[in-house]
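What follows is one structure encoded as structure tokens, with my remarks underneath.
The values are calculated or read from the model by the stated rules, or taken from the named source; none is laboratory data. Nothing here was measured: the structure is a model prediction, and the numbers come from that model. As a convention, Cβ positions derive from the backbone with ideal geometry for all residues, glycine included, and neighbour counts pool all protein chains shown. Side chains are part of the model used for accessible areas, which takes the heavy atoms of the whole protein and leaves out ligands, DNA and RNA. Shrake-Rupley method; radii C 1.70, N 1.55, O 1.52, S 1.80 Å.
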Amino acid sequence: MRRREFITILGGAAAAWPVAVRAQQAERMRRIGMLMGYAESDADARAWYAAFREALQKLGWTGGRNIQVDTRWATPDDAETMRRFAMELVALQPDVLLSSTTPTTTALLRQTRTIPIVFALVADPVGSGFVASLAQPGGNVTGFMFTTEPTMAGKWVELLKEIAPRVARIAMLFNPATATYAEFWLNPFKAAATSFAVEAIPSPVRDRSELQSVIAAQAREPNGGLIVMPDSSMDAYRLEITSLAARYRLPAVYPFRFFAEVGGLLSYGIDRAVNFRRAAAYVDRILKGEKPAELPVQAPIEFELVINLKTAKAMGLDVPLHLRQLANAIIE
């Protein structure tokens, strides 16, 4: 009886093995590489990273159980570190790579044309050479834009003229090294400036040390204003830019909310945490077998207007009622 019982038990266990193996395969550890084009100490960037991880978890991907996430952080003005980290992540042979910005996507694509890449914050993926088209990317990369079209630059000009009607000269700040797509924004910026009868001044800033001279030059004559191009370098310089704009009393429009939160006059753009959450959905689909070549690049689904009334008051600007009513958030 004991021998029969043993054989019965052994037979049952053997029958269960294929099920256990299938379960183990289904739950095998998958690997995601993340290249973030910001300082690891940047609280806002860490919030976007957290939004991505939380969205992944809601889709059933839990760190330590069925995914391992390898993350590298490189500031936008440190191209060599970004290149080295891109090499490191590709060498790990992850199942998919998450790229934050245009510079990080460029760095990763220089290392691999086979590992799937999902970008979260890119302005012009076609012009940057990342994809063949928005509808059919065609390669190993797809993802999410932070604008619907370059004419958004005209909206920034319009908002600046509404909040500061006397502005006659507008400088657009950007770093040519990280905003390799600058013409995407500069051409519609110039066209909009002409329609509003203001002078458009492209103002390249190659590093943090040039900010003072460029912004001071714009303030030497009356009725100057600023627009900050969406650019990871400008993001990194946000405290300096908003402080200098306040010092020189230059009305300025910014592309993202966190500029207004640190003293910028007005921002109009996407909530970037939303793009990171949406990127998690594409990572999930790729991990389940879909190809980036077949996943269309997605445009933003909403924009937010944020006005800093405290800054407006300090600059002697009266914010029109209709702008206040349109604002998603007002900082007082």
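What residue among Q111, I286, V122 has its Cα farthest toward the positive end of the dipole of the chain, where the charges are +1 on Lys, Arg and -1 on Asp, Glu, each on the Cβ? About the Cα centre, the residue reaching furthest to the positive side is I286. Return one number: the angle in degrees, 0 to 90 and rounded to the nearest 10, between the long axis of the Cα atoms of helix 43-58 and the longest principal axis of the Cα atoms of the chain. Long axis of 43-58 versus the principal axis of the chain: about 30 degrees. Just check the range 59-153 against the gyration tensor rule for me: Cα atoms, a ≥ b ≥ c as the square roots of the eigenvalues, rounded for a/c under 1.5, and otherwise prolate or oblate depending on whether a/b exceeds b/c. Judged from the Cα gyration tensor, the range 59-153 comes out prolate (a/c at least 1.5, a/b above b/c). For the residues D231, D318, D207, a GNM of the chain with alpha-carbon springs under 10 Å puts the largest fluctuation on D318. Proximity of backbone amide H atoms, modeled 1.01 Å from N, is registered between A252 and L226, L265, L266 at under 5 Å, excluding neighbours fewer than 5 places apart on the same chain.
Treat every Asp and Glu Cβ in the range 112-239 as -1 and every Lys and Arg Cβ as +1, leave all other atoms uncharged, and give the resulting dipole magnitude about the Cα centre to the nearest 20 debye.
Result for the range 112-239 is approximately 120 debye, rounded to the nearest 20.
Between G33, G64, G139, the residue with the greatest mean-square fluctuation in the GNM of the chain (Cα pairs under 10 Å linked by springs) is G64. Taking the protein heavy atoms of the range 98-182 in the context of the full set of protein chains, the accessible area attributed to carbon and sulfur is 52 percent at 1.4 Å.
When the Cα positions of I331, M145, A50 are compared along the charge dipole of the chain, A50 comes out farthest toward the positive end, with charges on each C-beta of Lys, Arg, Asp and Glu.
If you plug the beta carbon distance of L92 and A132 into 1/(1 + (r/R0)^6) with R0 = 30 Å, you get a FRET efficiency near 0.65. When a 1.4 Å probe is rolled over the protein heavy atoms, the share of accessible surface on the range 253-332 that falls to carbon and sulfur comes to 48 percent.
Considering only DSSP states other than H, G, I, E and B, which GluC sites (Glu not before Pro) in the range 223-321 qualify as loop sites with at most 12 other Cβ atoms within 10 Å? Taking the range 223-321 and a limit of 12 other Cβ atoms within 10 Å, the loop GluC sites (Glu not before Pro) found are E302.
Do you know the relative contact order of the chain, to the nearest whole percent, from alpha carbon pairs under 8 angstrom that are 6+ apart? Please list the in-between numbers first.
Working: 621 pairs, mean separation 60.7, N = 332.
Across the chain, relative contact order equals 18 percent.
Largest GNM mean-square fluctuation across R272, R238, R220, computed for the chain with C-alpha springs under 10 Å, falls on R220.
Measuring between their Cα centroids, the range 283-324 and the range 141-185 lie 13 Å from each other. Just checking my list [x] 24.1, 102; [y] 19.5, 60; [z] 22.0, 66 against Rg and Dmax of the Cα atoms in Å computed from this structure; which label fits? From the options [x] 24.1, 102; [y] 19.5, 60; [z] 22.0, 66, the structure gives [x]. With protein chains left intact and a 1.4 Å probe, residues in the chain average 46 Å² of accessible area per residue.
Positive contributions from Lys and Arg (+1) and negative ones from Asp and Glu (-1), summed over other residues with Cβ under 11 Å from the Cβ of A219, come out at +3.
Lysine pairs in the chain with Cα distance under 22 Å, only those 8 or more apart or on different chains: how many are there?
Taking the chain as the scope, the lysine pair count is 6.
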